[in-house]
Amino acid sequence: MEQLIDWAFIVGHINYWLFIVLMMTGLYVVVARGNLVKKIVGLNIFQVSVFMLYISIGKITGGTAPIYPVDLTGHIEPDPSIVYSNPLPHVLILTAIVVGIATTSLGLALIVRIREAYDTIEEEEILKIERQMTAEDNKEYGAAMGGRA
Amino acid sequence: MAAEETHHVAKTFMDHLPVLQVVIPLFAAPIIIFIGKRSLAWPIAFAASAAAFVISCLLLMQVLDGGFISYHVGGWAPPLGIEYRIDAASALVLALISGIGTIVLPFAYESVKAEIPKKNHTLFYACFMLCFTGLLGMVATGDAFNVFVFLEISSLSTYVLVAQGAEHNKRALTAAYDYLIMGTIGATFFIIGLAMLYMATGTLNMADLADRIAEEGTNRTIRAAFAFIVVGMGLKVAIYPLHHWLPNAYTFAPSAVSVFLAATATKAAIYVLLRFMFSVFNPGFVFEEWTLYIVFIPFSLLAMFAASFVAVFQTNIKRMLAYSSIAQIGYMLLGIAMLNATGLSATLVHLVNHGITKAALFMGVGAMLLYSGGAFYNNLNGLGRKMPLTGAAMIASGLSLIGVPGTAGFISKWVLVQAAFENGWWIIAIAIMLSSLLAVIYVWRIFEVLYLTEPNPDSTAKEAPITMLIPMWILAGACIWFGFDTELTLGSAQVAAEGLLAGSAGMAH
């Protein structure tokens, strides 16, 4: 009978499990937290989880750094027995890290401006202020339109 | 890959067009900042976007016969190197984006002066150029990861541009923040999808991806990648339940930004969605067919009715136009879901026509904002009579939004209805007409406000400056022109649709 729980599979894919846990944690924080800075932190965790996914893809069991062994004359001696890790996902994720930093800094800059304008960074209070603004607009402009708004 | 594929070596200036398309505006942005003179920012931006427009027209002419141009960045051959690939579909969208960019800039000159503090002008134009670059790059590139990079370039600059509306209304800041959160989630979903594609195939070049997926068939990783990419791009497209960021962003952004975003940002995202659904993944796969039927059709119908219905009850004209955009995106998705050549060409033609129409309408609102002090309907009372040319341009493009015969909007809806009949879906055809009736109501309200109400007594409104009128009338004129002469729009859309529907085969050759 086949084994009910394939432990080798579960442990062997530990990176991927962690990726899923991190990703869901990040998304949950973005959705559930009312503080704007905490939302950005959640977004960051979410993005970092993807870095982990990419880096895991590049790893090959027994793989070494992808540098060809060159002898003193500069002649490349390819050795078919050496397995190399795939460097491409790692390079890709460098780009994604830069994008993540840009997003975080822009988000934080926006929060600073929001704090100046609203005097709070709690989502609930901001929504309250905005609802008030909308209600005032509607009162002012709705009445002027003869109640058709 | 067929044997006749020539090894691409760019020798002449013309061979470099695909990359110049993206590189010229990309370099314009830092040049604007380094020169740092407010008086030079606008001319540089305009020159760069005009150059991009000329290039996109040259490219479109080269690929209208159904061929494609493959450009190898840095001389590295794909699939290892990054490839820029221009075919009819991408050339059409490139022409739309660069054309709108070129037309928006003269309009922006006055509008930005009125709405954005002076010290930010230089940075505003630099940011605008970056956004422009990102959108062009997303469309021009043939490398899946490159799409993500350009997507983020355009998104990050868009968040900044939207936040510039804060001078007028502080809610622009929260709108930009919401857009940032959702846009980032969307883009991150997109790269998770790409990671899975890379796991399954070991390549990131779109043509190569298409080949390998077609060879190996589907497996669970590829299906999951498809789901992630569709949802991620869906957020950027503002497919109905994922549209939450759009109304606030369009409402509170500065007018020039609203014009540009409404006409191009969602359109570029739709192009990427099309590219992945049809060229990279094989449209013959069952999971894709089911996604289209079960997800796209109900949501696009919901968008067409619910968003139009919400638009009817708005008191702010910019917000109304934003909801109408969500509804129009519904038509485009419906065209995709038809899964036939007519439906796809309807999507592409509507993408162009709606881009032009919405840009003209937002420009009209932007011109009126110079004098009205607000975009609420009763700020605009009677302005049609005080600004006759602006009002007339808005009505002309409003008619195109409804889809009245003789306007561009009619052509795309007509093709869409034809596609529905081709599939025998007459209920959907009726739904398209019914939702157009809702458009009649909200466009009628524009007419009512502009012409049938008394102007506010203390209003100082006069006709908009000529730098706004000319772009507005170029677009409004295009709405009517493309209603009669469909050769350019519909013709290239049909070539593009055939190329897309050929799926992976169309991608390889």
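Determine which single condition B:ARG385 fails, assuming it passes every other condition in (1) over 18 Å from B:SER325 (Cβ atoms); (2) open to solvent by less than 10 Å² (accessible area, probe 1.4 Å); (3) in contact (Cβ under 8 Å) with a residue 60 or more places away in the chain. So B:ARG385 meets the others, but not (2).
Scanning the stretch B:252-287 for residues that are closer than 24 Å to B:LEU369 by Cα and open to solvent by 10 Å² or more (accessible area, probe 1.4 Å) yields B:PHE252, B:ALA265. B:LYS113 - would you say it is closer than 21 Å to B:MET363 by Cβ, open to solvent by 10 Å² or more (accessible area, probe 1.4 Å) and in a helix (DSSP H, G or I)? For B:LYS113, the condition - closer than 21 Å to B:MET363 by Cβ, open to solvent by 10 Å² or more (accessible area, probe 1.4 Å) and in a helix (DSSP H, G or I) - is met.
All of B:ALA322, B:ALA306 fail the test of being open to solvent by less than 10 Å² (accessible area, probe 1.4 Å), in contact (Cβ under 8 Å) with a residue 60 or more places away in the chain and more than 30 Å from B:THR218 (Cα to Cα), apart from B:ALA322. Condition check for A:SER105 on (1) open to solvent by less than 60 Å² (accessible area, probe 1.4 Å); (2) of a type in the set (S, T, N, Q); (3) at pLDDT 90 or above: one failure, at (1).
Of the residues making up the stretch A:76-88, none is within 27 Å of A:ILE111 (Cα to Cα) and at the interface with chain B (Cβ under 10 Å from one of its Cβ atoms). When restricted to residues that are of a type in the set (S, T, N, Q) and surrounded by fewer than 17 Cβ atoms within 10 Å (Cβ to Cβ), the stretch A:3-57 contains 4.
Among the residues of the stretch B:380-397, which ones are within 14 Å of another protein chain (Cβ to nearest Cβ) and touching a Phe, Trp or Tyr at 6+ places or on another chain (Cβ under 8 Å)?
Initial filter on the stretch B:380-397 (within 14 Å of another protein chain (Cβ to nearest Cβ)): B:380-382.
B:GLY382, the sole residue that qualifies.
Run down B:LEU156, B:LEU130, B:LEU161, B:LEU135 and say which single residue is under 13 Å from the mean Cα position of the chain (by Cα), of a type outside the set (S, T, N, Q) and closer than 22 Å to B:SER258 by Cβ.
Numbers: B:LEU156 fails: under 13 Å from the mean Cα position of the chain (by Cα); B:LEU130 fails: under 13 Å from the mean Cα position of the chain (by Cα); B:LEU161 fails: under 13 Å from the mean Cα position of the chain (by Cα).
On inspection, the qualifying residue turns out to be B:LEU135.
Scanning the stretch A:34-50 for residues that are within 11 Å of chain B (Cβ to nearest Cβ) and not β-branched (Val, Ile, Thr) returns A:LEU36, A:LYS39, A:GLY42, A:LEU43, A:ASN44, A:PHE46, A:GLN47, A:SER49.
Tallying residues that are more than 12 Å from B:ILE191 (Cβ to Cβ) and out of contact with any Gly (no Cβ under 8 Å at 6 or more places or on another chain) within the stretch A:58-96 yields 27. Answer with yes or no whether A:VAL112 is at pLDDT 90 or above and open to solvent by 70 Å² or more (accessible area, probe 1.4 Å). It is true that A:VAL112 is at pLDDT 90 or above and open to solvent by 70 Å² or more (accessible area, probe 1.4 Å). Quick one: in the stretch B:25-77, which of the residues that are at pLDDT below 85 and in a helix (DSSP H, G or I) is nearest to B:ALA256 (Cα to Cα)? Among those residues, the one meeting the criterion is B:GLY74. A:ASN138 meets each of the listed conditions (1) in contact with a helix residue (DSSP H, G or I) (Cβ under 9 Å, 6 or more places away or on another chain); (2) at the interface with chain B (Cβ under 10 Å from one of its Cβ atoms); (3) open to solvent by 30 Å² or more (accessible area, probe 1.4 Å) apart from (1).
Picking from residues in the stretch B:164-184 that are open to solvent by 10 Å² or more (accessible area, probe 1.4 Å), part of a helix (DSSP H, G or I) and facing another protein chain (nearest Cβ under 7 Å), the one that is nearest to A:LEU43 (Cα to Cα) is B:ILE181.
Pull out all pairs, ordered by first then second residue, where Cβ-Cβ is under 6 Å, the residues are six or more apart or on different chains, the first lies in the stretch B:54-69 and is in contact (Cβ under 8 Å) with a residue 12 or more places away in the chain, and the second is open to solvent by 60 Å² or more (accessible area, probe 1.4 Å) and part of a loop (DSSP other than H, G, I, E, B). Filtered contacts from the stretch B:54-69: no entries.
State all residues of the stretch B:34-66 that are under 14 Å from B:VAL495 (Cα atoms) and open to solvent by 30 Å² or more (accessible area, probe 1.4 Å); if no residue qualifies, say none.
If the condition is that a residue be under 14 Å from B:VAL495 (Cα atoms) and open to solvent by 30 Å² or more (accessible area, probe 1.4 Å), then B:MET61, B:GLN62, B:LEU64, B:ASP65, B:GLY66 are the ones that fit.
Just checking, does the stretch A:92-115 include any residue being closer than 22 Å to B:LEU80 by Cβ, more than 10 Å from chain B (Cβ to nearest Cβ) and part of a helix (DSSP H, G or I)? Checked against the condition, which is being closer than 22 Å to B:LEU80 by Cβ, more than 10 Å from chain B (Cβ to nearest Cβ) and part of a helix (DSSP H, G or I), the stretch A:92-115 yields at least one hit.
Quick check on the stretch A:2-11. Is at least one of its residues within 11 Å of another protein chain (Cβ to nearest Cβ) and modelled with pLDDT under 95? Walk me through how you get there before you give the answer.
Narrowing the stretch A:2-11 to residues within 11 Å of another protein chain (Cβ to nearest Cβ): none.
No, the stretch A:2-11 contains no residue that is within 11 Å of another protein chain (Cβ to nearest Cβ) and modelled with pLDDT under 95.
The values are calculated or read from the model by the stated rules, or taken from the named source; none is laboratory data. Only a predicted model underlies this, so the values are computations on that prediction, with no experimental measurement involved. Neighbour counts run over all protein chains shown; Cβ positions are idealised from the backbone, glycine included. Note: accessible area is taken over every heavy atom of the protein model, side chains too, but ligands, DNA and RNA are not part of it. Shrake-Rupley method; radii C 1.70, N 1.55, O 1.52, S 1.80 Å.
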